[in-house]
Amino acid sequence: MTRHHWIRRSRGLVTLAAAAVLALGGATAPALAAAPAASGTSPAAPASGPEVNYQDPVSAAPPVSRPATRHCTVTVLRHDFGNTISDPPYATTVTPPAACAGPWTKVVMNWSGSIKGRQYDRLAGVWLGGAEIFRTSTPEPDDKGISWNVDKDITEFTPLLRHPQQLQVELGNVVNSTYTGVFHMRITFTYYLADTRHPAARTADQVLPVSDTTPGAQPWFQLGKGQSASKSLTFPRDLTSARLELYARGGGCDEQWFDDVPDDLAATAPDYLCGGGPYREVLVSVDGRPAGLAQPYPVVYSGGIVPTLWRPVPAIDQFRTLAYDLDLTPFAGVLADGRAHTLTLTPYGADDTWTVGGSLFLGTDHGRAHTSGAVTSDTLAATPTVTTKETKQGDGGTDVAVGTHRDWSISGYVDTSHGRVTTTVRQAYSYSNDDVVSATGQSQRVRQRDAGTTTVTTRGAGTQRAERSTWSYPIDVDSDVASLVDDNNYALSATVTQGRVLTDSVREGAYGPWRTTATTDDRLTATGELAKKNGVVQTADGTSTERYHGTTDDGSCWTRALRAAHGWITSDRGSLVPGGCGR
């Protein structure tokens, strides 16, 4: 993947034959009940440093839990991705195993691979029946080779998993005399059967893909500056609810969109700075009418900013990318009219490529053939009001302050077999980004804060229920390019602090208490430096800490704290408490 202009110019040096492996579940992750009190006692790192040799990365996030039920594991893909940059996605067919035909209490996907040689980090995705079930980016290998795996709970796709479906995998890669790494990939699905202690999972009635179905095309939508993606869809006539699961990642200059600067400032140092400003959002529209917003997480790829930042603790969201949930139920009554409707995805502020797509999860009425309804109010504006202030400093540098906020709501009703059901989605959030940019553009000090709340309230048949989700995505980046002559002569250093804080809660009735159902508090700080002279590494080092505290997918409370130096874990402490974090 390419990043800012200076990294494009020095792309060969930034990859530096690096490895990045994530163990978020499965055989390479510690068992849930065995988060070590003190571990990571690896051999001392060799003098060559973490750009050549470091231990397999370890994340503080919890692995996917596995129920103790009868199960079947099926290898659904085993494929080598060599020079695939111009190829259509790899395709095969997935059929549910006869020995575990369902119903299932859980279905878990495992994405694992190995690679050796020299290669960039690549964006990858997996689709089932046209619906994107997984998005990730790959590690950068060393000459000896590395392997990694990532697990994901894909139970919500049960409506598709019940029947044979096409599986597509997109992993565009370049292999030539310089970039030699071939990705040897394997995907398994494990189907866990329901029993008396583990009931069948409750899922949506239908899953509708939001993807590019053009034969031979990549299923996701790749959008340039100012572009949107539109998809014509026809919904069930008995529709009662609709939830969009959206993936969105920036590329090129927008890989690190959070340190982009205004266009006029970027023009003064095009080798170091990218334009467009730092604010991004993705607007979802239905038939041209604003229907929802996603605020993207500030992801850093495994080769991002300074590669030694992420060895061995990867950045948050680097390998297991979380999708964004948008409730479109206020539009359900309109979408159920049997006509085709247009869903449009528009990244705001994009200065380079954005890769977007996802899936719609639909609820239907089991007691009525046709539902109907209307959108009664919609205050969501199509574009935000963003303020930008540039203040010149005495040393020739510039302080850039960017901010915005939104407070909007959308309401609509559906007439169902149970009567009229009204849904209101309300979102309020604030965003700020302060960036101190040096006169030459070689130094940046970024402080970004993005936090908000989305509340979905449902009223009908004399009842009321509200679901509330809050998020906070803080990130601080101090980066310096002390020198940059060419691919063999440069000096980079950076410190990055990032977090992801999420809380989900529910309330029964109009005045009942809020009850917390899930929490995530994941915070990471990393430092890295990398320097080369006449092709010889002069400095390569990094340190990092990560602390995760929150609920697991089965409701337990997971805490884990990692500390790393010189490419090796020096402290690993954790605990697992059944029953949740609030008890």
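The values are calculated or read from the model by the stated rules, or taken from the named source; none is laboratory data. All values reported here derive from a predicted model rather than from experimental measurement. Cβ atoms come from the backbone with ideal geometry, glycine included; neighbour counts cover every protein chain shown. Side chains included, ligands, DNA and RNA excluded: accessible areas come from the protein's heavy atoms. Shrake-Rupley method; radii C 1.70, N 1.55, O 1.52, S 1.80 Å.
Using modelled amide H (1.01 Å from N, peptide plane; none on Pro or chain starts), what sits under 5 Å from the amide H of residue 517, excluding residues fewer than 5 places away?
It is 504, 505, 506, by chain and number.
At a Förster distance of 30 Å, what's the computed FRET efficiency of residue 214 paired with residue 153, Cβ-Cβ distance as r, to 0.05?
According to the calculation, E is roughly 0.50.
What per residue convex hull volume, in Å³, do the alpha-carbon atoms of the range 513-565 yield? Write down the numbers at each step before the final one.
Details: hull volume 5.3 nm³, N = 53.
It is 100 Å³ per residue.
Rounded if a/c is under 1.5, else prolate if a/b is larger than b/c, else oblate: which is the range 248-350, with a ≥ b ≥ c the root eigenvalues of its Cα gyration tensor?
oblate
Have a look at the range 209-308 and give its Rg and Dmax from the Cα atoms, expressed in angstrom.
Considering the range 209-308 through its Cα atoms, Rg and Dmax are 17.1, 57 Å.
Against the empirical 2.2 N^0.38 Å scaling, what ratio does the C-alpha Rg of the range 421-505 come to?
1.78
Among 116/225; 116/152; 116/533; 116/231; 389/532, which pairs are too far apart, with a Cα-Cα distance over 27 Å?
116/225; 116/231; 389/532, as the Cα separations exceed 27 Å there.
Can you tell me the accessible area per residue over the range 481-535, all protein chains present, probe 1.4 angstrom, in square angstrom?
Accessible area per residue, the range 481-535: 48 Å².
Lys and Arg at +1, Asp and Glu at -1: add these up for the other residues within a Cβ distance under 15 Å of residue 72 and post the number.
+3
Dipole size in debye (nearest 20) for the range 356-427 around its Cα centre, Lys and Arg Cβ +1, Asp and Glu Cβ -1?
Computed about the Cα centre, the dipole is about 180 debye.
For the range 323-364, what mean projected area does the convex hull of the alpha carbons give, in nm²?
4.1
Roughly how many nanometres apart are two label points built 7 Å out from the Cα toward the Cβ at residue 428 and residue 372?
Calculated label separation equals 3.7 nm.
Can you send over the solvent-accessible area of residue 184, 1.4 Å probe, protein chains only, in Å² to the nearest 10?
Probe radius 1.4 Å; accessible area of residue 184 about 80 Å².
Over all Cα pairs of the range 107-254, how is the pair count split among 5 Å bins, expressed in % and running from 0 up to the last occupied bin?
2, 7, 15, 17, 18, 16, 12, 7, 4, 2, 1, 0
If you roll a 1.4 angstrom probe over the protein chains with everything in place, what fraction of the accessible area of the range 198-346 belongs to carbon and sulfur, to the nearest %?
Carbon-and-sulfur percentage of accessible area, whole number: 48.
Take the Cα gyration tensor of the range 101-147, multiply each eigenvalue by 5, square-root it, and list the three semi-axes largest first, rounded to whole angstrom.
On the way: eigenvalues 170, 37, 9 Å².
Equivalent ellipsoid of the range 101-147: 29, 14, 7 Å, largest first.
What FRET efficiency comes out for the pair residue 439/residue 487, r = Cβ-Cβ distance, R0 = 35 Å, nearest 0.05? Before the final figure, lay out each step's value.
Values: r = 25 Å, r/R0 = 0.71.
Efficiency for this residue pair is about 0.90.
Take the range 286-336, compute every pairwise Cα distance, and split them into 10 Å bins from 0; I just need the percent in each bin.
Pair shares across the bins are 21, 32, 19, 18, 10, 0.
How large is the direction-averaged shadow of the alpha-carbon convex hull of the range 94-175, in nm²?
Details: hull surface 24.5 nm².
Mean projected area for the range 94-175: 6.1 nm², to one decimal.
Using r as the Cβ-Cβ distance of residue 458 and residue 228, and R0 as 30 Å, what FRET efficiency do you calculate, to the nearest 0.05?
Rounded to the nearest 0.05, the efficiency is 0.50.
Which value, in Å² rounded to 10, gives the accessible area of residue 93 with a 1.4 Å probe and all protein chains present?
We get 90 Å² for residue 93.
Pop a pseudo-label 7 angstrom from the Cα along the beta-carbon direction at both residue 79 and residue 388 and give the gap in nm to one decimal.
Here the answer is 4.0 nm between the modelled labels.
What are the ³J(HN,Hα) couplings of the range 539-546, residue after residue, when phi is run through the Karplus curve with 6.51, -1.76, 1.60 and θ = phi - 60°? Round to Hz, x for glycine and proline.
9, 7, 7, x, 9, 7, 9, 9
Taking only Cα atoms of the range 445-583, what ratio of Rg to Rh do you get with Rh as the Kirkwood inverse-distance radius?
On the way: Rg = 21.7 Å, Rh = 18.4 Å.
A ratio of 1.18.
How much length would be gained if the chain were fully extended between residue 178 and residue 420, taking 0.36 nm per residue of separation minus their Cα-Cα distance, in nm to one decimal?
On the way: separation 242, 0.36 × 242 = 87.12 nm, distance 6.31 nm.
Working it through step by step, the gained length comes to 80.8 nm.
If you stretched the chain out fully between residue 521 and residue 98, how much longer would it get, using 0.36 nm times the residue separation minus the C-alpha to C-alpha distance?
This chain segment gains 148.3 nm when fully extended.
With each label point set 7 Å from Cα along the Cα-Cβ vector, what nm distance links residue 264 and residue 381?
Label at residue 264, label at residue 381, 2.1 nm between them.
What translational diffusion coefficient, in µm²/s and rounded to a whole number, does the Stokes-Einstein relation yield for the range 477-531 at 20 °C and a viscosity of 1.002 mPa s, taking the hydrodynamic radius as the Kirkwood radius over Cα pairs?
Numbers: Rh = 15.0 Å.
The Stokes-Einstein estimate is 143 µm²/s.
Provide the gained length on full extension for the span residue 537 to residue 508, in nm with one decimal, where the gain is 0.36 nm per separating residue minus the Cα-Cα distance.
My answer for the length gained is 4.4 nm.
I'd like to check one number: the per residue accessible area of the range 138-266, probe 1.4 Å, reported in Å² as a whole number.
Per residue, the range 138-266 has an accessible area of 39 Å².
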